[in-house]
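Here is the structure we will look at.
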Amino acid sequence: MHNYPIGTPGTPWSKEEKKQWRDNQTIKRSYRDEVISRMPQLPFGYDIVQYGALPYDTGRYPLLSIRPATFNPSLPTVLITGGVHGYETSGVQGALKFAREHLASWTDKCNFVIVPCVSPWGYETVNRWNPLALDPNRNFKANSAAPESALLKAMVDDIEEPVHMHIDLHETTDTDNTEFRPALAARDGTSHDIWNIPDGFYLVADSKKVELAFQEAIIHQVRQVTHIAPADEHGKIIGVSLLSDGVIGYDKKALFLCGGLTDAPYVTTTEVYPDSPQATAGVCNDAQVAAIIGGLRFILL
Ligand SMILES: [Zn+2]
């Protein structure tokens, strides 16, 4: 295992070491150019609503949602989140693509709340963590220290209708093993289990409410766009046993994951693999869109 360049192996990072990590991060792309200015023309009755701004730079990082001006209480409500991990580009661009190309054809069937980029500082610096060296996707809890998580949680808690389906759009990348998981082990003074990054798309269900037919409907839809990750030689993906082809489960509320934000009966997290020789940015975005559509078709059967 490689030693991470910050800190002492076996010792959790001090405040100084977290600051050292923060000082090493640089802006690599523009949230304004790639997200804010790509917010789509919206169907009738839908608005872009700002639900907060990141305190590191409130002018640079407004937090944006797409939602109906008025929810129709006779329709199911669907939450779509992307960019909880800012480096996972297709989560952000896939959510925008769905909003741009497909939303209008589904607004008579569901109320949609779409948050394309939960962690814009992470998007710009191509990071999993926020500047405080916190993973937003382990911090969806009361009094969260991660503003990305706290502000999204406050917004979601205020949605006036019960959420029926929540899809959280992610990627699993080669840099998870070369950078982000070693950084996590270094920060916490622990070691990390070794597993190979799966080559292909998979889903993370909520192990407390798997809804396997729902997960399988999404896998079926995505398979038409890209390949599904096979199990490794231990029958696992990222160290977790498969529930079904391309489906694993995590206890989302216990881990304070974004997927645990609601009490929706139908919940999943997509994991697109962008580093496959067979994948392109376009294929990854299409896989995210296919996952959303597969879920919608299932819940509206
Ligand atoms: Zn992620």
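The values are calculated or read from the model by the stated rules, or taken from the named source; none is laboratory data. Predicted model, so just to flag it, every value in this text is computed and none were measured. Positions of Cβ are backbone-derived with ideal geometry, glycine not excepted, and every protein chain shown enters the neighbour counts. Just so you know, the surface numbers come from the protein's heavy atoms only, side chains and all, with ligands and any DNA or RNA stripped out. Shrake-Rupley method; radii C 1.70, N 1.55, O 1.52, S 1.80 Å.
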Using Cα pairs closer than 8 Å and at least 6 residues apart in sequence, work out the relative contact order for the chain, in percent. 21
Listed by chain and number, the residues whose amide H is under 5 Å from that of residue 201, excluding neighbours fewer than 5 places away on the same chain and using placed H, are 227, 228, 229, 273
FRET efficiency for residue 27 and residue 71 from the Cβ-Cβ distance with R0 = 41 Å, rounded to 0.05, comes out at 0.65
Given the protein chains as shown and a 1.4 Å probe, how many square angstrom of residue 164 are accessible, to the nearest 10? 60
With a 1.4 Å probe and every protein chain left in place, tell me how much accessible area residue 8 has, in Å² to the nearest 10. 80
Dipole moment magnitude, nearest 20 debye, the chain about Cα centre, only Lys, Arg, Asp, Glu C-beta charged: 480
Mind checking which aspartates and glutamates have their C-alpha under 16 Å from residue 236, skipping anything on the same chain fewer than 8 residues away? 193, 199, 245, 271
Among all the lysines, which ones have a C-alpha under 20 Å from residue 109's C-alpha, if same-chain residues fewer than 8 places away are not counted? 97
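Which length gain, in nm to one decimal place, applies between residue 44 and residue 251 when the Cα-Cα distance is subtracted from 0.36 nm times their residue separation?
Numbers: separation 207, 0.36 × 207 = 74.52 nm, distance 3.72 nm.
So the extension gain works out to 70.8 nm.
If we sort 265-271, 241-247, 181-187, 117-123 on the protection proxy, mean other Cβ atoms within 10 Å, highest first, what's the order? Don't skip to the answer; put the middle values down first.
On the way: 265-271: 25.0, 241-247: 17.6, 181-187: 20.1, 117-123: 27.7.
Those peptides, ordered most packed to least, come out 117-123, 265-271, 181-187, 241-247.
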How would you rank 274-280, 75-81, highest first, on the average number of other Cβ atoms within 10 Å across their residues? 75-81, 274-280
Assuming 0.692 mPa s and 37 °C, estimate D for the chain with Stokes-Einstein, Rh taken as the Kirkwood radius over Cα pairs, in µm²/s. 169
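May I ask you to order 10-23, 212-225 by the average number of other C-beta atoms within 10 Å around their residues, highest value first?
Working: 10-23: 14.0, 212-225: 19.2.
Per-residue mean Cβ counts within 10 Å order the peptides as 212-225, 10-23.
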Relative contact order in percent for the range 169-270 (Cα pairs under 8 Å, 6+ apart) equals 33
Rounded to the nearest 20 debye, what is the charge dipole size of the range 48-194 about its Cα centre when +1 sits on each Lys and Arg Cβ and -1 on each Asp and Glu Cβ? 180
Keeping all protein chains in position, work out how much accessible area residue 194 exposes to a 1.4 Å probe, and write it in Å² to the nearest 10. 130
Per DSSP H run of at least 4 residues, take -39500 (n - 2.57); add these up for the chain, divide by its residues and hand me the 222 nm value, nearest 500 deg cm²/dmol. -8000 deg cm²/dmol
In the calculated pair distance distribution of the range 31-107, what percentage of Cα-Cα distances lie above 13 Å? 71
Karplus-derived 3J(HN,Hα) from phi for the range 170-186 (6.51 cos²θ - 1.76 cosθ + 1.60, θ = phi - 60°), whole Hz, x at Gly and Pro, runs 9, 9, 10, 10, 4, 5, 4, 7, 8, 10, 6, 6, x, 5, 4, 5, 5
Give the aspartates and glutamates whose C-alpha is closer than 13 Å to that of residue 15, dropping any in the same chain fewer than 8 places away, or say none. 23, 188
Can you give me the P(r) profile for the range 147-274? Cα pairs, bins 10 angstrom wide beginning at 0, each as a whole percent. 12, 39, 35, 13, 1
